[in-house]
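Structure first, commentary second.
The values are calculated or read from the model by the stated rules, or taken from the named source; none is laboratory data. Given the structure is predicted, the values throughout are model-derived calculations rather than measurements. Here the Cβ positions follow ideal geometry from the backbone for every residue, glycine too, while neighbour counts run over all protein chains shown.
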Amino acid sequence: MPETGTLEAETTLANWRTRPFSGWSFRHVDRLVGGQRVAAAAQASPMERGPALDLSALVLPSGERVDAALARSHTDAFLVLHRGRIVCEIYNGPMVPEDRHIVFSVSKSVTGALAGILVDDGLLDPDSPVTSYVPELADSAWGDATVRNVLDMTVSLRFAEDYLDPRGDVPRYRVAMDWDPPGDIPYEGGLHGYLPSLPKGDGPHGAVFHYASPNSDVLGWMLERASGSRFADLLSEKIWRPLGAEADGWITVDRQGGARAAGGLCLCARDLARFAEMMRNGGRANGTQIVPEGWVADTLRNGDRAAWARGSRLDGLIPAGSYRNQWYLSDALPGAMIAIGIHGQWIYADPPRGVTIVRLSSQPLPEDDALDATMLEVFAAIAGHLS
C-alpha cells in the first residue's frame, strides 16, 4: 500500500473511486470536487457511552466472527449505538473521528428526511407534479411524475444504474456532476442541464421500483425550489444544527452549483450516527422533533411491496421488502430502516431493538453482493445480541 502522501499526490478525478486511491480520497473529496459547507451546530450534542460491545463474541451464520468480517471488509469506521449510547466505535487505517467520509447514496436517505420536514412545513406536496417545482423537467421522464414517485423510486425512467459500464448512462451522469473528467464523454453542462435530457421508460409511473440516482438529484432540486435555499444551507438549518452535529458536513456540487443530493454528502461518522439515531427515535433528538414523527412512521409502514417485487435491483440482497422516502425496508430485518451507499456505506436504524449502526468503507467494488450480504448478517447479529 502506498504511503498516504503518495496517494494524495497520485489521486485524480480519473481514479479517485478505485483502490488504493479511495482509501485517501473518500476522506478528502473536498480536494477533488467542488462543494458547499453544511454548517454544524455551535455546540455539539453529547454522545454518551455504554458498556463496550465485544464483537469477537458474536458469530455469523457462516461461523465467521463479526470482528473478523469487519477486518476483511475495508471498513474505515464502524459505530454501534444501543439505546442512544455508543457501545462500539472503530476506526481503521488512517481514518480518525474528525475525518469527513463520503457516504455516497446514504445521502439519499438524508435527503428523504429533509423532504419530510418540508412536507410538514407545507412547502412540498408529495402528490403534486414534479413540474410544479421544476418546470424545466416538463419534457423529461419526470414531466408527468409526482413527487411521491420520486421519493419512492417508482419513476418510469430510461436510466441504467450500472457503475462499471464505461459507455453506459452513469459515465455521462458523472461528467455532468463533475465527478469524472471529460474525455471520451464530453462535458455538456451540469446536473440541471443533464437531468432534463433523461427520457421516460416504457411503463407507467408508480408501478415498479426502479432505482435510479437521478431521482434523488431531482428531489434535491425540488427541495431547493420549494424552500428558496441552497441544499447545503437547508440541510444545515433543518437537520445538522438542530441535531447538534459536531463537525461541518460537506456536499459536492457541480461547477454551476447543482447539488449532488443523491450521493455527494461527506460526513464524520459520529454525526452520521447522530442522524441515524434521530431517525431511530422517530425523528427526535435533543428534546426536539427534527424530522416529523409521522414522516418516520410513514417511511416504516407505507412502502409499496408490490412495486418492490416487480423491480429487480437488490432482489438478491433484499428479496422481500419495500422502499419508502429514500429508505430501504427488509422483511428479514423487520422494523428497521436501512440506507445503503456504494463502496460499503450503511445506516441500520432499528427502533424495536434500540440499535443504530453506521458503517463507512472504501471497499474496492461499488457493489459487492457477497460482502453486502455479510454486512446485513453483521447488523442482524449485533441487533439480536443487544435486544
Could you grab me the full set of residues in the range 15-29 that are among the hydrophobic types (A, V, I, L, M, F, W, C), assigned to a loop (DSSP other than H, G, I, E, B) and closer than 18 Å to Arg260 by Cβ? Trp16, Phe26
Residue that is at pLDDT below 95 and either part of a helix (DSSP H, G or I) or under 23 Å from Ala160 (Cβ atoms) (or both), where the choices are Gly263, Gly294, Gly316: Gly316
Only one of Ala380, Ala349, Ala332 is over 25 Å from Asp162 (Cα atoms) and touching a helix residue (DSSP H, G or I) at 6+ places or on another chain (Cβ under 6 Å). Can you tell me which? Ala349
Can you tell me which residue within the range 172-191, out of those that are in contact (Cβ under 8 Å) with a residue 40 or more places away in the chain and not in a loop (DSSP other than H, G, I, E, B), is farthest from Ala339 (Cα to Cα)? Ala176
Strands (runs of 3 or more DSSP E) wholly in the range 30-144 with at least 1 residues that are among the basic types (Lys, Arg) - which ones? 35-38, 85-91
Which condition number in (1) part of a loop (DSSP other than H, G, I, E, B); (2) touching a strand residue (DSSP E or B) at 6+ places or on another chain (Cβ under 6 Å) is the one that Pro352 fails? (2)
Restricting to the range 222-266, and then to whatever is buried (at least 24 other Cβ atoms within 10 Å of the Cβ) and among the aromatic types (Phe, Trp, Tyr), can you tell me which residue is nearest to Val33 (Cα to Cα)? Phe231
Counting only residues that are outside any helix (DSSP H, G or I) and touching a residue at least 40 places away in the same chain (Cβ under 8 Å), which one in the range 297-313 is nearest to Pro352 (Cα to Cα)? Gly303
If Ser132 satisfies all but one of (1) in contact with a strand residue (DSSP E or B) (Cβ under 7 Å, 6 or more places away or on another chain); (2) over 26 Å from Gly249 (Cα atoms), what's the number of the condition it fails? (1)
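Take the residues in the range 319-343 that are of a type in the set (S, T, N, Q) and assigned to a loop (DSSP other than H, G, I, E, B); name whichever of them is surrounded by the most Cβ atoms within 10 Å (Cβ to Cβ).
Step one: list which residues in the range 319-343 are of a type in the set (S, T, N, Q), which gives 322, 325-326, 330.
Still in the list and also assigned to a loop (DSSP other than H, G, I, E, B): 325-326.
Values: Asn325: 26, Gln326: 28.
Ranking the qualifying residues of the range 319-343, first place goes to Gln326.
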Scan the range 192-215 for residues that are buried (at least 16 other Cβ atoms within 10 Å of the Cβ), in contact (Cβ under 8 Å) with a residue 40 or more places away in the chain and not in a loop (DSSP other than H, G, I, E, B) and jot them down. His192, Leu195, Pro196, Lys200, Pro214, Asn215
Closer than 23 Å to Val119 by Cβ, surrounded by fewer than 18 Cβ atoms within 10 Å (Cβ to Cβ) and modelled with pLDDT of 95 or more, is that true of Thr299? no
Which residues, counting only those in the range 74-108, are among the hydroxyl-bearing types (Ser, Thr, Tyr), out of contact with any Gly (no Cβ under 6 Å at 6 or more places or on another chain) and crowded, with 20+ Cβ neighbours inside 10 Å? Thr75
Could you list, in sequence order, the residues of the range 51-66 that are surrounded by 16 or more Cβ atoms within 10 Å (Cβ to Cβ) and either touching a Cys at 6+ places or on another chain (Cβ under 8 Å) or under 21 Å from Leu164 (Cα atoms) (or both)? Leu53, Leu55
Based on what the data block shows, is Met222 assigned to a helix (DSSP H, G or I) and in contact with a strand residue (DSSP E or B) (Cβ under 8 Å, 6 or more places away or on another chain)? no
Only unsatisfied item for Trp346, checking (1) of a type outside the set (Val, Ile, Thr); (2) in a helix (DSSP H, G or I); (3) buried (at least 22 other Cβ atoms within 10 Å of the Cβ); (4) in contact with a Lys or Arg (Cβ under 8 Å, 6 or more places away or on another chain), is (2)
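Determine if the range 43-50 includes at least one residue that is within 30 Å of Asp178 (Cβ to Cβ), over 21 Å from the mean Cα position of the chain (by Cα) and surrounded by fewer than 18 Cβ atoms within 10 Å (Cβ to Cβ).
So far as the range 43-50 goes, no, none of its residues is within 30 Å of Asp178 (Cβ to Cβ), over 21 Å from the mean Cα position of the chain (by Cα) and surrounded by fewer than 18 Cβ atoms within 10 Å (Cβ to Cβ).
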